[in-house]
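Everything on this sheet refers to the single structure shown next.
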Amino acid sequence: MSDLGLTESGVGLPAAAPLRVERGPVRDFWGRLTARPTAMIGLVIVVALLVMAVFADWIAPYDPIATDWGAIRAAPSLAHPFGTDEVGHDVLSRIVFGARASLGAGLTSVALAVALGLPFGLIAGYAGGVLDMLIMRLTDALLAIPFLILAIALAAFLGPSLTNAMVAIGLSATSTFVRLTRAQVQAVAAEEFIEAARAVGNPPWRIALRHILPNIVPAILVQATLTIAAAIIAEASLSFLGLGQQPPDPSWGSMLNVAKNFLEQAPWMAIWPGASIFVAVLAFNLLGDGLRDALDPRQRT
C-alpha cells in the first residue's frame with residue numbers, strides 16, 4: 001500500500017515531487033555550447049590545430065627545412081601528399097610546423113594584449129577622472145590607426161622576426177581590450193550589488209578585483225577568441241611581407257610569399273597555406289560566436 005501513497009488509515013497523501021538537480025555553471029555553459037553545432041565544429045578544428053602545433057615533431061612526415069633537389073615543385077603524390085616547393089621542401093611538413101608559428105603568434109599576441117589592456121581598462125572604468133581621460137585619449141589615438149597598418153609599422157620598427165611580430169600584433173590589439181574593459185566595468189559598477197559592496201566598507205581595489213573583474217571575464221574571453229583570428233591573419237600578412245617568421249623556418253604567410261611566384265607551375269604551393277589560414281580563422285570565429293551565445297545571460301534557463 002505504501003507504493004500507492006496511502007497511510008495505514010487509508011488516507012491518501014500527495015505524491016512527493018521529483019527532486020530537480022540543479023546543474024552547475026560549468027555544466028550549464030557546456031550544455032549551451034554543445035547545443036550550437038557551428039561552435040562545436042570550430043572547437044574541434046581549434047583543438048585539432050593545437051594538437052598539430054604541439055606535436056608537430058611527431059606528425060610531420062619530413063623535416064620542414066630539409067631540401068630534396070630531386071623533387072623540386074613535385075606534384076602531390078604518395079611520397080609528398082601536398083607536393084613540394086621550389087627547393088624540395090615537403091609542403092605538408094611545412095604546413096604542420098607553420099601551425100606552430102601561426103597559432104603561437106595568435107595566442108601569444110592576444111595574451112599580451114589582454115595583459116596590457118585589461119588593467120588599464122579596469123583603472124579607467126572604475127577610477128574615472130583624469131586617469132580615465134588620459135588612458136582613453138591615448139586609446140582613441142591608437143584606434144584611429146587601422147589594426148594591420150599599426151602592426152606593420154611596429155613590426156618594421158622592431159625588426160623582422162616572429163617574436164617582434166607577436167609584440168607588434170599584441171600592442172596593436174591592446175587598445176581594443178582597453179576600450180572593451182572600460183565599457184564593461186562601467187556597466188557592472190552601476191549595479192546594485194556594487195553599491196552594497198561599498199556600503200559594507202569594501203576598499204576600491206577589492207571591489208574592482210573581487211566583484212567587478214569576475215563579471216567582465218566572459219566578454220573579455222569572447223573578444224580574445226575573435227581577436228586570435230585577426231592575429232593569425234596579421235601574422236600571415238607580416239610574414240608575407242618579410243616582417244614575421246624568417247626563412248627557412250616555416251610560416252603560412254611566408255609560404256604564400258614564395259608561392260606567388262609559382263602559381264602557374266605549382267599551384268599547390270599556395271593552395272595549402274591559404275586553406276590553412278582560412279580554416280584556422282573560420283574555426284576561431286565560429287568558436288567565438290558560440291562562446292558569445294553560450295555566455296550570454298539571456299540564453300540561460
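Counting only GluC sites (Glu not before Pro) that sit in a DSSP loop (anything but H, G, I, E, B) with at most 12 other Cβ atoms within 10 Å, what is the longest stretch of the chain containing none of them? Write out the running numbers ahead of the final one.
Numbers: sites that count: Glu8, Glu22, Glu264.
It runs 23-263.
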For q = 0.15, 0.20 Å⁻¹, what log10 I(q)/I(0) does region 20-167 give under the Debye formula with an equal point scatterer on each alpha carbon and no solvent? -1.03, -1.18
Region 46-103: equivalent-ellipsoid semi-axes (sqrt of 5 x gyration tensor eigenvalues, Cα, Å): 22, 10, 9
Bin width 10 Å, origin at 0, all Cα-Cα pairs of region 86-218: what percent of pairs per bin? 12, 32, 27, 17, 9, 3, 1, 0
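So for region 132-182, what are the equivalent ellipsoid semi-axes in whole Å, largest first, each being the square root of 5 times an eigenvalue of the Cα gyration tensor? List each step's numbers first, then the result.
Details: eigenvalues 99, 21, 13 Å².
Computed over region 132-182, the values are 22, 10, 8 Å.
Using the count of nearby Cβ atoms within 10 Å as a rough guide to exposure, how do Met52, Met255, Met40 rank from fewest to most?
Details: Met52 19, Met255 28, Met40 15.
Listed from fewest to most nearby Cβ atoms, that is Met40, Met52, Met255.
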I'd like the Karplus ³J(HN,Hα) series for region 193-205: coefficients 6.51, -1.76, 1.60, θ = phi - 60°, whole numbers in Hz, and an x wherever there's a Gly or Pro. 5, 6, 4, 5, 5, 5, 5, 8, x, 5, x, x, 5
Please report the spacing between the Cα centers of region 241-263 and region 64-84 in Å, no decimals. 17 Å
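Once Rh is set to the Kirkwood radius over Cα pairs, what Stokes-Einstein translational diffusion coefficient, in µm²/s, holds for region 151-229 at a temperature of 37 °C and a viscosity of 0.692 mPa s? Display every interim value, and only then the final one.
On the way: Rh = 14.6 Å.
It diffuses with D of about 224 µm²/s by this estimate.
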Convex hull of region 208-301 built on C-alpha atoms - directionally averaged projected area, nm²: 8.6 nm²
Please report, to two decimal places, log10 I(q)/I(0) for the chain at q = 0.08, 0.10, 0.13 Å⁻¹ as given by the Debye formula with identical point scatterers on the Cα atoms and no solvent. -0.49, -0.68, -0.97
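Are there chymotrypsin sites (Phe, Trp or Tyr not before Pro) in region 49-121 that DSSP marks as loop and that have at most 10 other Cβ atoms within 10 Å, and which are they? The partial results should precede the final answer.
Numbers: sites: Phe55, Trp58, Tyr62, Trp69, Phe82, Phe97, Phe120; in loops: Phe55, Tyr62, Trp69, Phe82.
Counting only loop positions with at most 10 other Cβ atoms within 10 Å, the chymotrypsin sites (Phe, Trp or Tyr not before Pro) in region 49-121 are Trp69.
None of the figures in this text is laboratory data; all of them are computed from the coordinates on show. The structure presented is a predicted model; accordingly, all values stated were derived computationally and were not measured. Neighbour counts run over all protein chains shown; Cβ positions are idealised from the backbone, glycine included.
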